[in-house]
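One structure below.
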Amino acid sequence: MAEVKLVNIKKVYPYVSGEEKKKNKKKSADEPEKKKVNLQITDEGVVAVQAFNLDIKDKEFIVLVGPSGCGKSTTLRMVAGLEEISDGELYIDGKLMNDVAPKDRDIAMVFQNYALYPHMTVYDNMAFSLKLRHTPKDEIDKKVREAAEILDITQYLERKPKALSGGQRQRVAIGRAIVRAPKVMLMDEPLSNLDAKLRNEMRAEIIKLRQRINTTFMYVTHDQTEAMTLGDRIVIMKDGYIQQIGTPQEVFNHPANLFVAGFIGMPVMNFFDAELKREGDKFFVEVGGIKVELAPEKEARLLKNNVQSQPVTLGVRPEHTDVAEQGIASTVEVAEMMGSSVHLHLNADGKDVIVIVPTIDMKGSYKQGDTVHFTFDGKVAHVFSKETDKNLEF
Amino acid sequence: MVRKDTGFQVFCHVILAIMAVLVLFPLALLILSSMSSESDIIKYGYSLIPKNFDFTAYKFIFSEGSVFHSYLVTIFVTLVGTVASVLVTTMLAYTLTINDLPGRRILSFLVLFTMLFSGGLVPSYMMWTTIFHIKNTIWALLIPNLLCSAFHIMITRSYFQNNIPPAILESARIDGMSEFGIFFKIVLPLSVPIIATIGFMKALMYWNDWTNSLYYITDKNLVGIQALLNNMLTNVQYLAQSMDASSVATDMATVPSLSMRLAIAVVGMLPMIILYPFFQKYYMKGLTVGAVKG
Ligand SMILES: Nc1ncnc2c1ncn2[C@@H]1O[C@H](COP(=O)(O)OP(=O)(O)O)[C@@H](O)[C@H]1O
Ligand SMILES: [Mg+2]
């Protein structure tokens, strides 16, 4: 139950001597054709996080999401106090926390690999932090049993972690975190070690848990579905920088840049090379021989930014792309029947495009090699600058 | 490994069996011969099957009243020394696992350095006697042995690194445990195999140590069992030699010099042999898990 404020947070992992060259080499081997300079590797060390500004409201559920290595864990660990903050300020409930020890920050953390104490029973694992804080015995007992009840692990209290399944262990880890009623609950990929089915179950559990315990959450994941389903707001990160902060709806409907557009949403957004045409106060995109006028609210924003005609990257989500009589011509490569819809993998002039067609709207079926035309609405077309990859509406 | 190569397994077992026999045979010979009578040994040589069981050698050893006292000294030194050196080793090893510890590289360097180089006997002797004045104190049997175990530090460190997930320690830190608490309540309980392993090695070292007693102890009350047995051995040899020289059958003839040498060796190692099975389980585990990542 606390506000958390991160002001211009930065984290640099200094090089241990000899490491510098190795890292450089490794990175270039990973990305051979892209000759992009890795911004994270500098003279002072690996800059894992920088220019991180975020105001987390009381009881808000914030999800940090991004590809592996983008600095999510580092950010969380700085909030926990496990990692020193190189620059910037961290406030919890208005108090500067930069130099406060983890135990005095009133936070709790759940780790990906559970990190239970293997030599203690489930009960003792959960009671541990309370014992250290000299909580009276009967109160400890009450709190542990309450948490165990919430997480449905009461019958395992006397067991050692070894005798539990992965899902049960993660419940214990969450239980250990909630007994203390921390101001901020930190979770670093808590579901990543579970199999897909269990992960879905636990995701629902976390949503329920969130309703029962009233506290601020910071949750790290690389999985955009988890981020979308859990977060009040999502922080999308890449290469140590925040790319966008917003509600799941906002980041889905208004991605700030090409990266966010590609990262959020499954299947991935379709991208086209297109021309943005400004005609007076109206904006059109021209692509594959069709010309679509953008929706009025989009036009208004482009107008406000004084955007001119230019080549753009056009982004349209598969669920917003429709098969039509007239439109961009393409051939069917694969048609995946998903039940309520069909995912058409199309080839439009050498470009892979996915179109989701609701089964109800389908006339007949699609076979490989069929010619299909598709189009999209001006409300759902996103135009990104070719130079900066930024959404021109922003 | 799905398909077992039986030929290879048989081969391995045969080799191992031969090696085991090569190790066990002298041991059995030692123990059994020590229980033979002196005259049998002279007549028939050392034998696996004693003609007549005879414990004169042991009687002789234990008739020396100070044997029990020396046993106690050694037991005390072994217990205290083992606990202390296990503590020192694990603490240092744990420290070496902390990556952002200032001066960690220097520390590792120093540890490794002592593994390869030492000042040798005379300078150490001078240091211990003139600066620390440990001569004729129980410290002489405890302290010098505390320090020389870089190998133990290294295997302990690698055990910590490979078997204790950092997240557990971080959890404990968040839960509110002090660094000492983390070491004693989390790290040590999770390290029983390696503690048993190095503990046993240390115990063996303390138990078998007779040189420190030789260098620093003249007080009879502080002589450990190995040093005492060593003295006896020398004396037996001396007696035996003088007997040969005079070739006079005196009451010295009753000193069973041959079997006594064997009995001395048995008395010196028996307690450790008895203890070994209790440590063996962990000993094996500690050596393997310490070495292999995973
Ligand atoms: N202890 C460390 N020392 C040096 N570099 C590190 C360390 N931990 C993380 N990094 C680097 O910092 C960057 C961000 O790491 P991390 O926060 O773990 O990413 P994420 O959790 O998003 O996958 C990566 O480039 C990683 O290599
Ligand atoms: Mg991570």
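The values are calculated or read from the model by the stated rules, or taken from the named source; none is laboratory data. Note that the structure is predicted; figures quoted are calculated from it, not measured. Cβ: placed from backbone, ideal geometry, glycine included. Neighbour counts: every protein chain shown. We work out accessible area using only protein heavy atoms, side chains counted, and drop any ligands, DNA or RNA first. Shrake-Rupley method; radii C 1.70, N 1.55, O 1.52, S 1.80 Å.
Might you check whether a residue that is out of contact with any helix residue (DSSP H, G or I) (no Cβ under 8 Å at 6 or more places or on another chain), at positive phi and within 14 Å of another protein chain (Cβ to nearest Cβ) occurs anywhere in the stretch A:91-109?
yes
State the number of residues belonging to the stretch A:157-173 that are open to solvent by 30 Å² or more (accessible area, probe 1.4 Å), of a type outside the set (S, T, N, Q) and within 15 Å of A:Pro190 (Cβ to Cβ).
The number of residues fulfilling the criteria is 2.
Residues being touching a strand residue (DSSP E or B) at 6+ places or on another chain (Cβ under 6 Å), assigned to a loop (DSSP other than H, G, I, E, B) and open to solvent by 50 Å² or more (accessible area, probe 1.4 Å): count how many of those fall in the stretch A:281-300.
1
Would you mind telling me which numbered condition in (1) acidic (Asp, Glu); (2) open to solvent by 50 Å² or more (accessible area, probe 1.4 Å); (3) touching a strand residue (DSSP E or B) at 6+ places or on another chain (Cβ under 6 Å) A:Glu146 fails?
(3)
Could you tell me whether any residue of the stretch B:137-149 is more than 9 Å from chain A (Cβ to nearest Cβ), touching an Asp or Glu at 6+ places or on another chain (Cβ under 9 Å) and part of a loop (DSSP other than H, G, I, E, B)?
Yes, the conditions are met somewhere in the stretch B:137-149.
Determine whether A:Thr331 is of a type in the set (S, T, N, Q) and more than 30 Å from A:Asn305 (Cα to Cα).
Here the answer is yes, as A:Thr331 does meet what is asked.
Kindly evaluate A:Leu303 against the criterion of being farther than 16 Å from A:Lys291 by Cβ, of a type in the set (A, V, I, L, M) and outside any strand (DSSP E or B).
Here the answer is yes, as A:Leu303 does meet what is asked.
Within the stretch A:69-83, track down each residue that is away from ligand 2 (no atom under 12 Å from the Cβ) and touching an Asp or Glu at 6+ places or on another chain (Cβ under 6 Å).
Within the stretch A:69-83, A:Leu82 is the sole residue that qualifies.
Would you point out the residue of the stretch A:85-105, among those that are in contact (Cβ under 8 Å) with a residue 40 or more places away in the chain and open to solvent by 50 Å² or more (accessible area, probe 1.4 Å), that is nearest to ligand 1 (Cβ to nearest atom)?
Across the stretch A:85-105, the extreme among qualifying residues is A:Ser86.
Please enumerate the residues belonging to the stretch A:123-170 that are of a type outside the set (Gly, Ala, Ser), under 23 Å from B:Ile164 (Cβ atoms) and more than 14 Å from chain B (Cβ to nearest Cβ).
Residues satisfying the conditions are A:Tyr123, A:Arg159, A:Leu164, A:Gln168.
How many residues are open to solvent by 20 Å² or more (accessible area, probe 1.4 Å) and more than 9 Å from ligand 1 (Cβ to nearest atom) if we restrict to the stretch A:66-80?
Residues that pass the stated criteria total 0.
Of the residues A:Lys208, A:Lys277, which is among the basic types (Lys, Arg) and touching a Lys or Arg at 6+ places or on another chain (Cβ under 8 Å)?
A:Lys277
Could you tell me which of the residues A:Val4, A:Val63, A:Val46 is near ligand 1 (Cβ under 8 Å from one of its atoms) and modelled with pLDDT of 65 or more?
After applying the criteria, what remains is A:Val46.
Quick one: would you say A:Asn193 is under 29 Å from A:Ile92 (Cβ atoms), under 30 Å from the mean Cα position of the chain (by Cα), of a type in the set (S, T, N, Q) and open to solvent by 50 Å² or more (accessible area, probe 1.4 Å)?
In short, yes.
Can you run down the residue pairs with Cβ atoms below 8 Å, 6 or more apart or on separate chains, where the first is in the stretch A:71-83 and within 13 Å of another protein chain (Cβ to nearest Cβ) and the partner is near ligand 1 (Cβ under 8 Å from one of its atoms) and in a helix (DSSP H, G or I)?
Qualifying pairs under 8 Å: A:Glu83/A:Thr74; A:Glu83/A:Arg77.
Quick one: which of A:Asn257, A:Asn214, A:Asn253 is buried (at least 19 other Cβ atoms within 10 Å of the Cβ), more than 16 Å from ligand 1 (Cβ to nearest atom) and polar (S, T, N, Q)?
A:Asn257
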